[in-house]
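Read the structure below first, then the notes.
Values quoted throughout were computed directly from the atomic coordinates according to the rules given, and no laboratory measurement underlies them. In this text the structure is predicted, and so the values were computed from the model without any measurement. Cβ placement follows ideal geometry from the backbone for every residue including glycine, while neighbour counts extend to all protein chains displayed.
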Amino acid sequence: MHPALSVIFFTVTSGAGFGLYSLTAVLQLFRLGPPLNRTQLLVALCTSLILIIAGLLSSTGHLANPKNAWRAFMRVKTSWLSREAVLAVAFFPFAFLYLIGVILFGANVPVFFITMGLIGVALGFMTVFATGMIYACLKTMRQWNTPLVPANYLLMGLTLGALIHMAIEAYFGDDLQFIAGVAGTALVMTGVMKGIYYYWIDRIAGPSINTATTFTRARVRLLDTGHTAGTFLTDEFGYQINNNLRNGLRLSVFLIGFVAPLILIAFAASMAPGEGAFALAVAAAVLSYIGKMIERWLFFAEGRHVVNLYHGAQHT
């Protein structure tokens with residue numbers, strides 16, 4: 001499928017924002033790791049909200065008529081896209097209430113604001129899950145029709161959130177051992193999950209012209225595709241990617257998105273608090289973000305819609 005930059009930016013950036021918000025709230029509310037003061041919490045929460053809002057706004061860039069974006073809320077019973085939109089909007093009141101609690105009370109927020117924060121965490125996870133299910137529910141795209149897709153979306157959001165959280169802690173000179181362990185674990189888990197996904201899509205057998213026509217004894221070849229130039233379907237759903245480019249980008253996903261950040265955070269955690277650790281933590285977050293952008297571009301580029309069978313492709 002044709003990779004749209006607006007959708008790639010939206011899914012990666014908003015996922016990172018939801019991951020950062022959820023991780024910040026859970027670590028603080030359950031007193032896990034070094035405690036954060038009011039300023040640190042505000043920086044983390046505001047950063048997460050900025051990322052989420054930026055991602056959501058960019059999602060309208062893929063619409064032919066952005067002023068009709070409100071229609072995305074109208075099909076909650078049948079559409080994961082509508083569910084994602086409703087969940088994303090529902091997230092903000094609870095997130096802002098928790099933010100107000102932090103502004104008023106610092107790290108020791110009352111039970112009411114704790115409850116609001118945890119509801120926000122749940123809605124954040126549900127929103128990212130719904131984003132993944134937009135693609136995982138499509139039976140016409142065999143590379144997407146798997147529970148691995150929403151699982152990858154959730155893990156990648158948490159990974160980026162953990163790395164950004166580590167950079168914030170490094171800026172304030174905190175001990176990084178705990179958050180480095182969280183980020184490292186998330187990196188390893190996400191990398192393994194992505195490897196499983198690539199292994200799976202390379203080995204599943206998709207439909208072919210033979211299976212579509214039920215003529216299975218000999219190779220079937222389409223003689224007339226019905227057009228002499230590209231159409232909307234071939235442009236949007238018939239994106240072709242070179243195998244060498246695909247393999248090179250997959251390698252880049254692991255090296256840039258997982259291996260390099262893992263090495264950088266290990267060095268940052270072993271250093272005394274200071275600018276050196278902060279620079280390494282920021283570099284790890286930036287590299288991981290770039291790797292996730294490459295991964296998301298590949299996710300769309302490798303998706304093959306069955307409509308391609310009607311335009312000459314032998315397999316999807």
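As I understand it, the value is the acute angle between the Cα axis of helix 80-105 and the longest principal axis of the Cα atoms of the chain; what does it come to in degrees, rounded to 10?
10
Assuming R0 = 25 Å, what is the FRET efficiency of A272 and N108, from their Cβ-Cβ distance, to the nearest 0.05?
0.30
Considering only C-alpha atoms, what is the centroid distance from region 121-146 to region 265-286, in Å?
Computed from Cα coordinates, the inter-centre distance equals 33 Å.
Can you give the relative contact order of the chain as a percent, counting alpha carbon pairs under 8 Å and 6+ residues apart?
Relative contact order of the chain: 24 percent.
Sorted from fewest to most neighbouring beta carbons within 10 Å, what does the list L29, L5 look like?
With the sparsest Cβ surroundings first, the list reads L5, L29.
Which order results if E295, E275 are arranged by neighbouring Cβ count within 10 Å, fewest first?
In order of increasing Cβ crowding within 10 Å: E275, E295.
If you line up the Cα atoms of region 134-209 on their principal axes, what length do they span on each, largest first, in Å?
60, 22, 14
Output the Cα-based Rg and Dmax of region 5-311 in Å, rounding Rg to one decimal and Dmax to a whole number.
Expressed in Å, the Cα Rg and Dmax of region 5-311 come to 21.6, 73.
How much length, in nm to one decimal, is gained on full extension between Q240 and V43, taken as 0.36 nm per residue of separation minus their Cα-Cα distance?
Value of the extension gain: 66.7 nm.
Taking the Cβ of each residue in H2, H165 as the centre, tally the other Cβ atoms inside 10 Å and list the residues starting with the fewest.
Going from sparsest to densest Cβ surroundings: H2, H165.
Assign one of three labels to region 60-189, namely rounded, prolate or oblate, based on the Cα gyration tensor with a ≥ b ≥ c the square roots of its eigenvalues; rounded applies when a/c is under 1.5, prolate when it is not and a/b is larger than b/c, and oblate otherwise.
The shape class here is oblate.
Which residues make up the longest stretch of the chain that has no trypsin sites (Lys or Arg not before Pro) in a DSSP loop with at most 16 other Cβ atoms within 10 Å?
No qualifying site falls inside 222-316, the longest such stretch.
For region 112-128, take each phi angle, set θ = phi - 60°, evaluate the Karplus expression 6.51 cos²θ - 1.76 cosθ + 1.60, and give the result in whole Hz per residue in order, putting x for glycine and proline.
4, 6, 4, 4, 4, x, 5, 5, x, 4, 4, 5, x, 4, 5, 5, 5
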